[in-house]
Amino acid sequence: GEKAILGLAFGTLLGGLLQLVVQFPSLWKVGFRFRPDLRWLDPGVKEVILLMIPAVIAGSAVQVNVAVNGNFASHLGDGPVSWLQYAFRLMQLPLGMFGVAVGTVTLPVVARFAAENDYGGIRNTLARGLRLGSLLTMPAAVGLFFLAEPIMSLIFERGRFTHFDALQSAAALKFYAIGLVAYSGIKVIVPTFYTINRKNMPMYVSFFSIAVNYFLNVLITFRLGFGFRGLALSTSLVAIINFTILYLLLRRYIGGLASRSLIVAFGKLVLACVPLTLVCLAAQYTVFRNLETMAFFPKVFGMASTIFAGMVVFFGTVALLRIEEMNDVLRILKRKLGKA
């Protein structure tokens, strides 16, 4: 009813406010104190606004594509709109936790090198950020793909959201997971264009991606008969195409991007995902073989056990393959545990 809708809207608003407030203690520790400043004609403010305009347009491409996909889904019946929405929101979780986080910590380092015209520093920092982002998002993508059914069932299957709805949402989640690593790479690469004064290029690529998304929706969803799953697949393909174009452009602008090290690291990560895939498949055919009749707490225990086992075999394989970015992960964990 209306009260439930208002409650959800209030919860979303409160969550956004808490995202801002939770950062205040860290800012206060470094001496930041908020003071209203209405000098809109300040040169720095003007520069930020000029940078914001193409950035906002480029960033809105994903939302435009989601709206377009929703329009297409509305012609496929009542369920697909909700199935796609639930799956997309779940895919955003690892993207926000890992892809956005890596992009955020990479940006100030890249900006400093850009100010010094140190393109070598930019190349090395971006390559390291892309490798780290892949290390964190690739196992998440594998997990979302091979454990989509139990994940959707555990989180959403209750009330009017039936087991059938969970399975359909899981089908969409599988196709969304294909583009997760590319989405993570986009989050790392795009801010660099603004630091090297190529602020309009992500916007142009975004316009192109909207057109490609529309074309792929028609081709895959209707011509090839994939239905609503085709909308999720086209979203992932657009992310991969978008990342590839941005990568090639940036490589041209800064004179390379340590491509060889990226390819080697990516190959090692694919190998590390093999035992992780086997763990996920084993869980599917043993722990979750009777998913429809499985009670809530056994699902929770089964999912927690599978995730733990998957993490052990994946990061154990990463250590055996001597993937360099594992040291960055360990350093971050030690720092966090030290603070705790």
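The values are calculated or read from the model by the stated rules, or taken from the named source; none is laboratory data. Since we're looking at a predicted model, the values are computed, not measured. All Cβ positions, glycine included, derive from the backbone under ideal geometry; neighbour counts span all protein chains shown. What goes into the accessible areas is simple: the full protein's heavy atoms, side chains included, and nothing from ligands, DNA or RNA. Shrake-Rupley method; radii C 1.70, N 1.55, O 1.52, S 1.80 Å.
Only one of the listed residues (Leu27, Leu84, Leu76) is in contact (Cβ under 8 Å) with a residue 24 or more places away in the chain, surrounded by 11 or more Cβ atoms within 10 Å (Cβ to Cβ) and assigned to a helix (DSSP H, G or I). That residue is Leu84. Could you please find all residues in region 30-63 being touching a Lys or Arg at 6+ places or on another chain (Cβ under 9 Å) and open to solvent by 80 Å² or more (accessible area, probe 1.4 Å)? Within region 30-63, Trp40, Leu50, Ile53 meet the criteria. The condition (being of a type in the set (A, V, I, L, M), in contact (Cβ under 8 Å) with a residue 60 or more places away in the chain and in contact with an Asp or Glu (Cβ under 8 Å, 6 or more places away or on another chain)) is satisfied by just one residue among Leu262, Leu291: Leu291.
Going by what's in this entry, would Phe297 be described as of a type in the set (Phe, Trp, Tyr) and open to solvent by 60 Å² or more (accessible area, probe 1.4 Å)? Taking the combined requirement at face value, the residue satisfies it.
Once region 227-258 is narrowed to residues that are open to solvent by 30 Å² or more (accessible area, probe 1.4 Å), of a type outside the set (D, E, K, R) and at pLDDT below 90, the residue that is farthest from Ala87 (Cα to Cα) is Gly255.
Among residues that are touching a helix residue (DSSP H, G or I) at 6+ places or on another chain (Cβ under 9 Å), open to solvent by less than 50 Å² (accessible area, probe 1.4 Å) and modelled with pLDDT of 85 or more, Phe146 is not included.
The number of residues in region 242-261 being within 24 Å of Phe88 (Cβ to Cβ) and touching a Leu at 6+ places or on another chain (Cβ under 9 Å) comes to 1. Please indicate, with yes or no, whether at least one residue in region 313-336 is open to solvent by 70 Å² or more (accessible area, probe 1.4 Å), closer than 30 Å to Gly121 by Cβ and among the acidic types (Asp, Glu). Scanning region 313-336 turns up at least one residue that is open to solvent by 70 Å² or more (accessible area, probe 1.4 Å), closer than 30 Å to Gly121 by Cβ and among the acidic types (Asp, Glu). Considering only region 208-252, state which residues are β-branched (Val, Ile, Thr) and more than 20 Å from Leu76 (Cβ to Cβ). Ile210, Val212, Ile240, Ile241, Thr244, Ile245 - these are the residues of region 208-252 that are β-branched (Val, Ile, Thr) and more than 20 Å from Leu76 (Cβ to Cβ). For region 246-291, filtering for residues that are more than 23 Å from Met303 (Cα to Cα) and among the polar types (S, T, N, Q) leaves 2.
Scan region 170-204 for residues that are assigned to a loop (DSSP other than H, G, I, E, B) and either open to solvent by 10 Å² or more (accessible area, probe 1.4 Å) or of a type in the set (Val, Ile, Thr) (or both) and the total you get is 6.
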